[in-house]
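Undergrad: Before we start, here is the structure in question, set down as structure tokens.
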Amino acid sequence: MKVIQNPILKGFNPDPSILRVGQDYYIATSTFEWFPGVQIHHSHDLVNWELIARPLDETRLLDMIGTPGSTGVWAPCLSYDNGMFYLVYSNVKNHRRMKDSPNYIITSESIYGPWSDPVYVNRSGFDPSLFHDDDGRKWFLNMKWDTLHGKHSFAGILLQEYDPDEKKLVGPIKNIFRGSSIGLTEGPHLYKKDGYYYLMTAEGGTSYEHAVSLARSKNIDGPYELHPHNPIITGCKEDLYGHPQKAGHGSMVETLDGEWYIAHLASRPIPGTNRCVLGRETAIQKMIWKEDDWPYLKSGGNYAEFLTEAPLGYMGSDQKSTRQSFYDDFNDKKMNINWNTLRIPASDYILSLEEKPGYLTLRGRESLESTFTQSLVARRQQSFTYEAVTRMSFKPETSLHMAGLVCYYNTLNYYYLRLTYDDDRGQFCLGVLASQNGDESASMNQDDNHFFDEAMDLELKVKVEFERLKFFYRTGNGEFRPIGDTYDASTLSDEFIQLRDHAFTGAFVGVCCQDLAYGGKEAYFDWFSYEE
């Protein structure tokens, strides 16, 4: 028997929306404040997946300037009807009491685009989805955010018809499902099978109480009855490391052969802790339909599993290794698809691949604490252990110029090996800035920085082993020298940040440059490698 090893999308890839079009499978996942918005992975077999597209790649499609951490693109829904792809998404502007969450629809005949201008739909709640009924009508769903009652204002699932010609919602708004006793009902997806409408929702919040709930009705607007063994998927807190945790926010797909699978988010804590530096990832489980016309996990029970059966018709080899080996020499004319920027596109304002051919030029902009224009490019951490190395040419002229290698979660949580200039000493200065929920006491003391009389190329390296994070550097062909303390990598996790704030993403590693004097000071990166 062939099996699929979970998670299928490692590292920060939450809220999967799975879709089959012919023999092709697609999964769209949330990206929050990272640009471009929405990641789309493709597979022919549900076993091996490849990142192929990131649709929200222009500010006309996604404007996140100034938004706080863990806002932006929440829970996209990818669907297909009559030759057209539909992508529905929220662009959340804040995660405080009122939750500003405008929802949009874009369309394209190809998964690769071009995508239409966004159609604004509503803002009554986040996690929108679009259901194409077999009678040709289209229905828009989103959770309702209630600003009146209680701390957790999850007030049910709203349904309203969408007119694709008029490009607007029409008819009455109905609250079709108030949720189960688990509460915090969100992430709606509708399916139709054998005369029933099946409504799948995420419940229990996004942490260790997360779950997938299922209800059904003969009528699209209800009333909906709950699955007899609800929730259909959750995490096994009694065996924290034997099962994927935080299992929830799912969506289903039927194969060409009539088999069913559910994709859902899940997390893996660092062994011995409850901290998930890899963020919320995407896993998949095989489902079976029983005589009561309800789907159940093929493995039995409702706990997510690390192994699930591959489709019966799968004749390929075992699942390819998902260990990442990534090297970018910056010789292409556009950024590699694995790179991400914060809130803004990778425009000439912050970077160039042509100014100095063979190098990534970063033009220093705002600080790591900024929610506006940072010159930072980074990729997901997708393994508990990795090494990342880059070669940098940079000649700072003031302590307001900085550039280097960064391990980043958000504006208040990062570890940054940066080169700057000590104005008092008249020397170049290499040291580590550390921020843990805004506490910078773990940063290197000024006297412990490493100083240079002349500017020179530096190789900067970070080695991460579970909760241990250590920086190194070298000049020329010499040995790598350690610098700074051994830092706590587990602070780059939802669980640590949520002690103070909302946090829904994951750890990234990359390069950045700041110019807090005038703006525009260049740092040049010859190459970047990431090895798990």
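The values are calculated or read from the model by the stated rules, or taken from the named source; none is laboratory data. No experiment lies behind these values; they were computed from the predicted model shown. Note that we place each Cβ from the backbone using ideal geometry, even for glycine, and neighbour counts take in every protein chain shown. These accessible areas exclude ligands, DNA and RNA; they are computed on the full protein's heavy atoms, side chains included. Shrake-Rupley method; radii C 1.70, N 1.55, O 1.52, S 1.80 Å.
Undergrad: On average, how much area does the Cα convex hull of region 473-532 cover when viewed from any direction, in nm²?
TA: Numbers: hull surface 29.0 nm².
Reported value for the Cα convex hull: 7.3 nm².
Undergrad: Mind ordering 218-228, 275-285, 303-313 by average Cβ neighbours within 10 Å, highest first? Before the final figure, lay out each step's value.
TA: Numbers: 218-228: 14.7, 275-285: 27.3, 303-313: 18.5.
Highest-to-lowest ranking by the protection proxy: 275-285, 303-313, 218-228.
Undergrad: For region 369-502, with every protein chain kept in place, what is the accessible area per residue (1.4 Å probe, Å²)? List each step's numbers first, then the result.
TA: Numbers: 5350 Å² over 134 residues.
Accessible area per residue, region 369-502: 40 Å².
Undergrad: Okay, moving on. Give or take rounding to whole Å, what are the principal axis extents of the alpha carbon atoms in region 343-400, in descending order?
TA: For region 343-400, the Cα spread along each principal axis is 35, 29, 26 Å.
Undergrad: For a quick check: with amide H placed at 1.01 Å from N, whose amide H comes under 5 Å from E522's, ignoring anything fewer than 5 positions away on the same chain?
TA: G364
Undergrad: Could you compute how fast the chain diffuses translationally, taking Rh as the Kirkwood radius over C-alpha pairs and applying Stokes-Einstein at 4 °C with viscosity 1.567 mPa s? Give it in µm² per second. Walk me through the numbers before you get to the answer.
TA: Working: Rh = 23.9 Å.
The estimated diffusion coefficient comes to 54 µm²/s.
Undergrad: For region 90-147, take every pair of Cα atoms, bin their distances at 5 Å starting from 0, and report each bin as a whole percent.
TA: Here the calculated profile for region 90-147 is 4, 17, 21, 20, 19, 11, 5, 2.
Undergrad: Now, a different point. Taking the Cα-to-Cβ direction at D292 and at S367 and moving 7 Å from each Cα, how far apart do the two end points lie in nm?
TA: In this crude spin-label approximation the distance works out to 5.8 nm.
Undergrad: Can you work out ³J(HN,Hα) from phi for every residue in region 238-250, in order, using Karplus 6.51 cos²θ - 1.76 cosθ + 1.60 and θ = phi - 60°, giving whole Hz and x for Gly and Pro?
TA: The phi angles translate into 6, 9, 4, 10, x, 9, x, 9, 6, 4, x, 6, x Hz.
Undergrad: To the nearest µm²/s, what D does Stokes-Einstein give for region 382-463 at 37 °C and 0.692 mPa s, using the Kirkwood radius over alpha carbon pairs as Rh? Could you put the intermediate results ahead of the total?
TA: Numbers: Rh = 13.5 Å.
Rounded, D is 243 µm²/s.
Undergrad: With a 1.4 Å probe and all protein chains left in place, how much of the accessible area of the chain comes from carbon and sulfur atoms, in whole percent? All intermediate terms of the calculation are to be shown ahead of the outcome.
TA: Working: 9600 of 20880 Å².
Ligands and nucleic acids excluded, carbon and sulfur reach 46 percent.
Undergrad: May I pose another question? Please list, in chain and number order, the residues 5+ apart from F372 or on another chain whose amide H is under 5 Å from its amide H, with Hs placed from the backbone.
TA: Here G66 satisfy the definition.
Undergrad: Binning at 5 Å from 0, report for region 67-118 what percent of all alpha-carbon pair distances ends up in each bin.
TA: Values per bin, smallest distances first: 5, 21, 24, 19, 13, 11, 6, 2.
Undergrad: In addition: Calculate the radius of gyration of the Cα atoms of region 1-150 to one decimal place, then report Dmax, the largest Cα-Cα distance, as a whole number, both in Å.
TA: 15.7, 53
Undergrad: Near A434, within a Cβ-to-Cβ distance under 15 Å, what is the net charge of the other residues, with Lys and Arg +1 and Asp and Glu -1?
TA: Working: positive: R418, R468, K470; negative: E369, D439, E440, D448, E467, D485, D488.
Neighbour charge sum, excluding A434 itself: -4.
Undergrad: Taking amide H positions as placed 1.01 Å from N in the peptide plane, with prolines and chain starts having none, which residues 5 or more places from K192, or on another chain, fall under 5 Å of its amide H?
TA: Result for K192 returns Y198.
Undergrad: First measure r as the distance between the Cβ atoms of F480 and S217, then evaluate 1/(1 + (r/R0)^6) with R0 = 41 Å and state the FRET efficiency to the nearest 0.05.
TA: Values: r = 62 Å, r/R0 = 1.51.
The computed FRET efficiency comes out at 0.10.
Undergrad: Taking only the alpha-carbon positions of region 157-292 and ignoring solvent, what does the Debye formula give for the base-10 log of I(q)/I(0) at q = 0.19 Å⁻¹?
TA: -1.12
Undergrad: How far, in nm, would the chain grow between E50 and R468 when pulled straight, counting 0.36 nm per residue and subtracting the alpha carbon separation?
TA: Details: separation 418, 0.36 × 418 = 150.48 nm, distance 2.94 nm.
Extending this stretch completely gives an extra 147.5 nm.
Undergrad: Using alpha carbons only, what's the Rg to Rh ratio of region 1-50 with Rh from Kirkwood?
TA: Details: Rg = 11.6 Å, Rh = 11.7 Å.
We get a ratio of 0.99 for region 1-50.
Undergrad: Hey, what D do you get for region 388-532 in µm²/s if you plug the Kirkwood alpha-carbon radius into Stokes-Einstein at 20 °C and 1.002 mPa s? Mind showing how you got there, number by number?
TA: Working: Rh = 15.6 Å.
In µm²/s, the coefficient is 137.
Undergrad: Given 10 Å bins starting at zero, what is the percent of C-alpha pairs of region 284-390 in each, up to the one with the largest pair distance?
TA: It works out to 11, 27, 22, 16, 18, 6, 0, in whole percents.
Undergrad: Sticking with this one: Evaluate E = 1/(1 + (r/R0)^6) for D423 and K333, where r is the Cβ-Cβ distance and R0 equals 35 Å; express this FRET efficiency to the nearest 0.05. Working shown, then result.
TA: Details: r = 38 Å, r/R0 = 1.08.
Computed FRET efficiency for D423 and K333: 0.40.
Undergrad: Let me ask something additional. For region 437-486, how big is Rg over Rh, using alpha carbon atoms and the Kirkwood form of Rh? Spell out each step's value before the answer.
TA: Working: Rg = 12.7 Å, Rh = 12.7 Å.
Using Cα coordinates only, the ratio equals 1.01.
Undergrad: With only alpha-carbon atoms in the gyration tensor, what are the semi-axes of the equivalent ellipsoid for region 82-178, in Å, largest first? List each step's numbers first, then the result.
TA: On the way: eigenvalues 128, 55, 19 Å².
Working through the eigenvalues yields semi-axes of 25, 17, 10 Å.
Undergrad: Just grab the label-to-label distance for E531 and E109, each label 7 Å out from Cα along the Cβ direction, in nm (one decimal).
TA: The answer from the label model is 4.6 nm.
Undergrad: Can you run phi through the Karplus equation (6.51, -1.76, 1.60; θ = phi - 60°) for region 403-416 and list ³J(HN,Hα) in whole Hz, with x for Gly and Pro?
TA: 7, x, 10, 10, 9, 10, 10, 8, 5, 10, 9, 6, 10, 9
Undergrad: From the phi angles alone, apply the Karplus equation (6.51, -1.76, 1.60; θ = phi - 60°) to region 472-487 and give each ³J(HN,Hα) in whole Hz, x where the residue is Gly or Pro.
TA: 9, 8, 8, 10, x, 9, x, 6, 5, 10, x, 9, x, 7, 8, 9
Undergrad: Of the listed peptides 70-80, 360-370, 116-126, what is their order by residue-averaged count of other C-beta atoms within 10 Å, with the highest listed first?
TA: On the way: 70-80: 24.2, 360-370: 20.4, 116-126: 17.9.
My ranking of the peptides, most packed first, is 70-80, 360-370, 116-126.
Undergrad: Skip the ligands, DNA and RNA, and give the accessible area per residue of region 107-208 with a 1.4 Å probe, whole Å².
TA: Values: 4650 Å² over 102 residues.
For region 107-208, the per-residue accessible area is 46 Å².
Undergrad: If you place +1 on the Cβ of every Lys and Arg and -1 on the Cβ of every Asp and Glu, how big does the dipole about the Cα centre of region 411-512 come out, in debye to the nearest 20?
TA: 320
Undergrad: I've got another one for you. If packing is taken as the average number of other Cβ atoms within 10 Å across a peptide's residues, how do 464-471, 205-212 rank, most packed first? Display every interim value, and only then the final one.
TA: Values: 464-471: 19.2, 205-212: 21.6.
Sorting 464-471, 205-212 by mean packing, highest first, produces 205-212, 464-471.
Undergrad: Multiply the residue separation of S181 and N274 by 0.36 nm, subtract the distance between their alpha-carbon atoms, and state the gained length in nm to one decimal. Don't skip to the end; give the middle numbers.
TA: Numbers: separation 93, 0.36 × 93 = 33.48 nm, distance 2.51 nm.
Full extension of this stretch gives 31.0 nm more.
Undergrad: Determine the dipole magnitude for the chain: charges of +1 sit on the beta-carbon of Lys and Arg, -1 on that of Asp and Glu, nothing else is charged, the reference point is the Cα centre, and the result goes in debye to the nearest 20. Can you show the working numbers first?
TA: Numbers: 52 positive and 73 negative charges, 159 e Å.
The dipole magnitude comes to about 760 debye.
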